[in-house]
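The values are calculated or read from the model by the stated rules, or taken from the named source; none is laboratory data. Since the model is a prediction, treat every value here as computed from it, not as a measurement. We place every Cβ from the backbone using ideal geometry, glycine too, and count neighbours over all the protein chains shown.
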Amino acid sequence: MTLAARELGSASDAEDAVQETLIRAWRALPRFRAESAFSTWLYRICLNAVHDQRARSARGGGVPLDDVAEPASPRDPIAERELSGELQRALAGLDETYRTAVLLYDVLGHSYAEIAEVLGVPEGTVKSRIFRGRVELAHRLGTASAAGESKQ
């Protein structure tokens, strides 16, 4: 849910994408060959569902995450990783390739290798996308000098 919510910026769109992810995964389960981790396979399905949901919702707006009520459980993973509204807006403004890499690495804690597998790109490309995404975020947040100091 976190990946979909951060990618789409709308709780209702994220819920739709997650539901679509689960349906697609269930239907494709017999074709899962275990050549990669199950989570990697599921993230790839989720990213495809997010892409499709983004295309469907381009005509109308969803509910901004700032307007969604706080989760009931204080141990909820989404609540623990809740980002500030300013950072959410900055993330939303990033190019999709950078945003996805940054979210998978910095928010969801995946390794470069896992992200490379999910995205189907080399690890070097993942590192580059994360670095460039962080630099762009720093510019958007007005902390560009800090981004230049932290090298990948």
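Give 27, 89, 59 a once-over and let me know the one that is farther than 18 Å from residue 118 by Cβ, modelled with pLDDT under 75 and not β-branched (Val, Ile, Thr). Outline the logic, then answer.
On the way: 27 fails: modelled with pLDDT under 75; 89 fails: modelled with pLDDT under 75.
Result: 59 is the single residue among 27, 89, 59 that is farther than 18 Å from residue 118 by Cβ, modelled with pLDDT under 75 and not β-branched (Val, Ile, Thr).
From the list 128, 36, which residue is modelled with pLDDT of 90 or more and either loosely packed, with under 13 Cβ neighbours inside 10 Å or among the small types (Gly, Ala, Ser) (or both)?
Exactly one residue qualifies, and that residue is 128.
How do the pairs read when you match residues in segment 128-152 that are at negative phi and charged (D, E, K, R) with residues anywhere that are crowded, with 17+ Cβ neighbours inside 10 Å and modelled with pLDDT of 85 or more, using Cβ under 6 Å and keeping only pairs 6 or more apart or on different chains?
The qualifying pairs are 129/98; 129/101; 132/98; 136/94.
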